[in-house]
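One structure is given here, and the rest of the page talks about it.
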Amino acid sequence: MSKKGLVLEGGAMRGLFSAGVMDVLMEEGIEFDGLIGVSAGAAFGCNYKSGQNGRVIRYNKRFAHDWRFCSVRSFVTTGDLFGGDFCYHYFPENLDLFDQQAFNQSKMEFTVVCTDVETGKPVYKTLMNYDYEMCEYIRASASMPIVSRIVNINGQGLLDGGISDSIPLRQFQEMGYGRNVVIATQPADYRKKHTRLMPLFRLMLRKYPKLVKALDIRETMYNGQLDYLKTEEQKGTTFVIRPPIDLNIGYTCHDTATMECIYQIGRNEAVKHLSEIEAFVSKLTSE
């Protein structure tokens, strides 16, 4: 029997849409055998395994104006726009507690996607228990190039998983998840264009030519994944929930009203499609 999975695209603050969807699914008691998340999908998705609905929007609003969370000051003083130590270690252990025990006890497989800076290829890491290294893998998955330090784990340099595998549906299928719910963060008609930042990437990341190559062809990879997603959706093996409109939020956001708006769009879409999602997941359970 195929395992049922939840696949979370990244997208920085667009991930608040995913958080809204996830909170409704958690409130309705919808369970998955595993979750795979990229970037913000990893950083926010860990709360599904720990069962902490409401936590993502709460802490994003709470720390919206805290320079340690996300700021130019953080970038200048630490090398990370989103404070590495503060976001991934200090506040989840001291200020808005991550439920480590619930995470450890959950049988859900939690997998994050990172990108190896030497090869430009994706790295998939399944994390079942909370510890320092787990948090570092999540940090690496969400570490955008240029505005984040490379995260070194066991001698391997890692950055944002979205560089090499933005929507890891195919990977999850290869891991035994034959039928999946995917939360995308772009509307159905979206197509990625070639980034204008390539000159900066080539300059700042010149020590990592394969990473630069991955960034240079990212729109081809991403648009191909969108095509694959639609194909799997048409087959009935995948249920996709997407924003109904372009989410008008940047990579960073300090406006709590905008955060709440994006989060509520996610909640509304989840409620709108709830009966379909429940039927899809129930079908997976009965197979």
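The values are calculated or read from the model by the stated rules, or taken from the named source; none is laboratory data. Values in this document were obtained by computation on a predicted structure and should not be read as measured data. When we count neighbours, we look across all protein chains shown, and the Cβ atoms used for this are built from the backbone with ideal geometry, even at glycine. The area values use the complete protein model at the heavy-atom level, side chains included, leaving out ligands, DNA and RNA. Shrake-Rupley method; radii C 1.70, N 1.55, O 1.52, S 1.80 Å.
Grab the beta carbon distance between R206 and K121, set R0 = 22 Å, and tell me the FRET efficiency rounded to 0.05.
The pair R206/K121 has a calculated efficiency of 0.70.
Counting only protein heavy atoms and using a 1.4 Å probe, what share of the accessible area of the range 90-220 belongs to carbon plus sulfur, as a whole percent?
50
If one computes the Cα centroid of the range 1-78 and of the range 120-152, what distance in Å separates the two points?
Centre-to-centre distance over Cα atoms comes out at 14 Å.
Taking a point 7 angstrom from the Cα of H254 along the C-beta vector, which residues in the range 55-95 have backbone N less than 15 Å away?
61-77, 81-83
I'd like to check one number: the per residue accessible area of the range 64-205, probe 1.4 Å, reported in Å² as a whole number.
For the range 64-205, the solvent-accessible area averages 46 Å² per residue.
What do you get for GluC sites (Glu not before Pro) in the range 43-146 restricted to DSSP loop and a cutoff of at most 15 other Cβ within 10 Å of the site's Cβ?
E118
To make sure I understand the rule: partners must be aspartates and glutamates, Cα under 18 Å from the Cα of K283, and not fewer than 8 residues away in the same chain. Which ones qualify?
Of all the aspartates and glutamates, those that pass the test against K283 - Cα under 18 Å, at least 8 places apart if same chain - are E28, E31, D33, E232, E233.
Subtract the Cα-Cα distance of R58 and R170 from 0.36 nm times their separation in residues, and report this length gain in nm to one decimal.
37.1 nm
Any chance you could run the full-extension gain for D227 through E133? It's 0.36 nm times the residue separation minus the Cα-Cα distance, nm to one decimal.
30.4 nm
When a/c is below 1.5 the answer is rounded, else prolate if a/b is larger than b/c, else oblate, so apply that to the chain with a ≥ b ≥ c taken from the square roots of the Cα gyration tensor eigenvalues.
Rounded.
How far, in nm, would the chain grow between T195 and Y90 when pulled straight, counting 0.36 nm per residue and subtracting the alpha carbon separation?
Taking T195 through Y90 to full extension adds about 34.5 nm, to one decimal.
Given axes a ≥ b ≥ c from the Cα gyration tensor, I'd like to know whether the range 1-78 is rounded (a/c under 1.5), prolate (a/b larger than b/c) or oblate.
Prolate is the answer for the range 1-78, as a/c is 1.5 or above and a/b outweighs b/c.
What lysines sit close enough to K210 to cross-link, taking a C-alpha to C-alpha distance under 26 Å and skipping anything fewer than 8 places away on the same chain?
K210 reaches K121, K125, K192, K193.
Answer rounded, prolate or oblate for the range 73-149, using the Cα gyration tensor with square roots of eigenvalues a ≥ b ≥ c: rounded when a/c is under 1.5, else prolate when a/b is larger than b/c, else oblate.
oblate
Just the accessible area for R149, please: 1.4 Å probe, Å², rounded to the nearest 10?
Number for this one is 90 Å².
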